[in-house]
Amino acid sequence: MTPEEIENAVAAGMPRAVEDLKRLVAIPSVAFPGHPAEPVLAAAEAVEELLRSAGLPHVRRIPVEGSFPAVYGEAPAPPGAPTVLLYAHYDVQPAGDPRLWRTPPFEPTLIDGRLYGRGAADDKSGVISHVAALRAFQGRFPVGIKVLIEGQEEYAGERLEAFIEANPELARADAIIVADTGNPKVGDPAVTTSLRGLAAFTIEVRTLKEAMHSGQFGGPTPDALAALIRMLASLHDDNGDIRVPGLPRGTFLGTGPSEEEFRKTAGVLDGVRLVGSGSLADRLWSSYAITVTGIDAPSVANAVNAVQPVARARVTVRVPPAGDPKTAVEDVIDHLRRVTPWGAKVAIDDVVLGSGFLAIPGGTARGALNRAMERAYGRPPRDIGAGGSIPLVAMLARLFPVAEILLFGAEDDGASIHAPNERVDLEELRRTILTEALFLAEYAGAAVPGR
C-alpha cells in the first residue's frame, strides 16, 4: 500500500475505532485485588474479538500463572520481511473517588474531540491503536505481526515477565512497539527513549505496645508517627534534592519541557516552587526521585488524643535507566535506619523492584518510525524520557538485545492517566494509528530480518 492509501484507510476506519474504544472503556477491567474478575475477563474476550477483526489468522488467550490471561495474535511474515511485536494492556487503574470525576469513569463520554473514561488513554488507546493500524492492511500485512495484550500490567506485570522468560519465542521479533507512552502534549510527536526503573517498599515504625493517652503520657513517650515523619523528611534537603548517599543526579541529553509547560501540566499552584536542582529533563527522566505514596496513620476524622504506637508508609524510588533498583532501595532503607530516632523499631517488607530502559540510538526501525511520524504529524519526533516504569520493556531488551524497542502512543501529559478525568484526544489517537500503519509499511521496505 502507498502512504496515501494507508492514510485513507486509517481515516475511513476511525469511526469504527472510536466505537471500539468506547466499548472497551465501558468495561471496568480493574485487575487489582478486591475488584471483581468478571469485567477483566470480559475485557480479555473483547480484545480477542478485536484482534480477530484486525485480520490476524491466529488469535488466542494465553493463561498466565497468578494473573489474568494475555491475548495473543500473530500473522506470519511475508518472505524476506521482518517481524514486529505490538504490545499494550487491557487492564486499568481503579477509578478512585467517583466524586472527583466530571463524568462517570466507566461511561465513556465524548467532549470536544476527547473521550473521557478510565483507561481511555492508559492503555486501551494502545489496544485500539494496534487494532486500527492492522485493519488498514485488510489482512495483507507487509511484515510479520505478533500482538501481545497484557491483562494485569497495572498491578502485577512481573507475572507476564516470568511467562515470557519461560516462553521467549512468543515475543521474539526484529522490532517491538510498546504503545503505553505518549507525547508531552497533543500534536507534539515524540519517541520515549528512556524509562526510569522502580524500587518500592513499606516501612513500619513501632515505639509502644499500644496507643497511650496523649494527655497522661504525651511528652516523654515516643510517638511512632512523629518518628516516621522525621525519618521521611530526612530523605530530601530544603531545596528538595535527595539527601540519600549513593543516589546522584543524572543528565538527560534530549530536550525537556519548559517550567511553564510543566507547571501547567502538573497542576502546580501559583506561588508554589518546583523542587530539586538541574534541568527539568534531568529531574524527570535521568535522576532518582523518592515519593511517599501512602501513610497508615489515624485519619483526621477518626483522630483520638493518643500517642501512636505504630505507623507505616509506602515509599517509591524512581531509578534512572543506568541505576540498579536493588542497590537504590538498599541505600534508601539504610539511610532511614541511620536516622531512626529514639531507638524506634523498624521493619521493612513488600519490596518491589523493576529495571529501567535506555534505547539504543539509531537503527533501521527507528529511522522508519521517524519517517512515519513526520508524515503523520507534519514534523519529525524528538526524544523524550518517561519518569514512569514499564519493567516488561527492560526484560524484553535483555531477552532480545538486537531487537529495536520503540515506545510511543496516544497518551499525552495532560491525559490524566492514573487520575480522575482520564481522557484521550481522538485526533492524537488518529495520528498514532496512522504512525503505526505507516511504520509497518516503511519498515517492511527498509529492514533485514535477523540482523
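Order 96-102, 53-59, 2-8, 404-410 from most to least packed using the mean count of other Cβ atoms within 10 Å. It would help to have the intermediate numbers written out before the result.
On the way: 96-102: 11.4, 53-59: 16.9, 2-8: 13.9, 404-410: 26.4.
Highest to lowest by the protection proxy: 404-410, 53-59, 2-8, 96-102.
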Here D for the chain, in µm²/s, from Stokes-Einstein with a Kirkwood Rh over Cα pairs at 37 °C and 0.692 mPa s, works out to 141 µm²/s
dims of the stretch 343-420, Cα set, principal axes, largest to smallest, nearest Å -> 62, 36, 17
Sorting A88, V332, S53 by the position of each Cα along the dipole of the chain (Lys, Arg +1; Asp, Glu -1; all at Cβ), the one nearest the positive end of that ordering is V332
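Kirkwood Rh and Cα-based Rg: tell me the resulting Rg over Rh for the stretch 119-169, rounded to two decimals.
Checking Rg against Rh, the ratio lands at 1.05.
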In degrees, nearest 10, the alpha-carbon axis of helix 3-25 is tilted away from the dominant principal axis of the alpha carbons of the chain by 40 degrees
Quick shape check on the stretch 112-226: root eigenvalues a ≥ b ≥ c of the Cα gyration tensor, a/c under 1.5 is rounded, otherwise prolate if a/b tops b/c, else oblate, and it reads prolate
Note, R61: beta-carbon cut-off 10 Å, +1 each Lys/Arg, -1 each Asp/Glu, net -1
Within the chain, pairs of Lys residues whose Cα atoms are less than 25 angstrom apart, provided they are eight or more positions apart or on distinct chains, add up to 8
Taking the alpha-carbon centre of each part, the distance from the stretch 381-447 to the stretch 103-152 in Å is 12 Å
Rh_Kirkwood(the stretch 241-349) over Cα pairs, Å, one decimal, evaluates to 16.7 Å
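If you keep only loop residues by DSSP, which GluC sites (Glu not before Pro) in the stretch 36-74 have at most 13 other Cβ atoms within 10 Å of their Cβ?
E65
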Note on the stretch 382-451: alpha-carbon gyration tensor, axes a ≥ b ≥ c; rule is a/c under 1.5 for rounded, else prolate if a/b larger than b/c, else oblate; result oblate
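What translational diffusion coefficient, in µm²/s and rounded to a whole number, does the Stokes-Einstein relation yield for the stretch 298-345 at 4 °C and a viscosity of 1.567 mPa s, taking the hydrodynamic radius as the Kirkwood radius over Cα pairs?
Working: Rh = 13.7 Å.
For the chosen part, D equals 94 µm²/s.
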Shape descriptors of the stretch 300-394 over alpha-carbon atoms, Rg and Dmax in angstrom, are 21.9, 66
Computed about the Cα centre, the charge dipole of the chain from +1 Lys/Arg and -1 Asp/Glu charges at the Cβ has a magnitude in debye, to the nearest 20, of 340 debye
Shape descriptor, the stretch 86-170: equivalent ellipsoid semi-axes (Cα gyration tensor, sqrt 5λ, whole Å, largest first) stand at 28, 21, 6
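Quick check for me: using +1 on Lys/Arg Cβ and -1 on Asp/Glu Cβ, what's the dipole size of the stretch 373-451 about its Cα centre, in debye to the nearest 20?
The dipole of the stretch 373-451 has a size of about 280 debye.
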The size of the Cβ-based charge dipole (Lys, Arg +1; Asp, Glu -1) of the stretch 313-443 about the Cα centre, to the nearest 20 debye, is 220 debye
Note to self: C-alpha centroids of the stretch 9-74 and the stretch 153-223 sit apart, in Å, by 24 Å
Exposure-ranked with fewest Cβ neighbours within 10 Å first, S234, S389, S416 stand as S234, S416, S389
Taking Cα atoms only, helix 224-233 is inclined relative to the longest principal axis of the chain by an angle, in degrees rounded to 10, of 50 degrees
Looks like the stretch 3-85, by Cα gyration tensor root eigenvalues a ≥ b ≥ c and the a/c under 1.5 rounded cutoff (else prolate when a/b is bigger than b/c, oblate otherwise), is oblate
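Laboratory data are not the source of any read-out in this text; all were calculated from the coordinates shown. Here the structure is a predicted model, which is why all the values come from computation and not from measurement. Quick reminder, even Gly has a Cβ in these numbers, built from the backbone with ideal geometry, and neighbours come from all protein chains shown.
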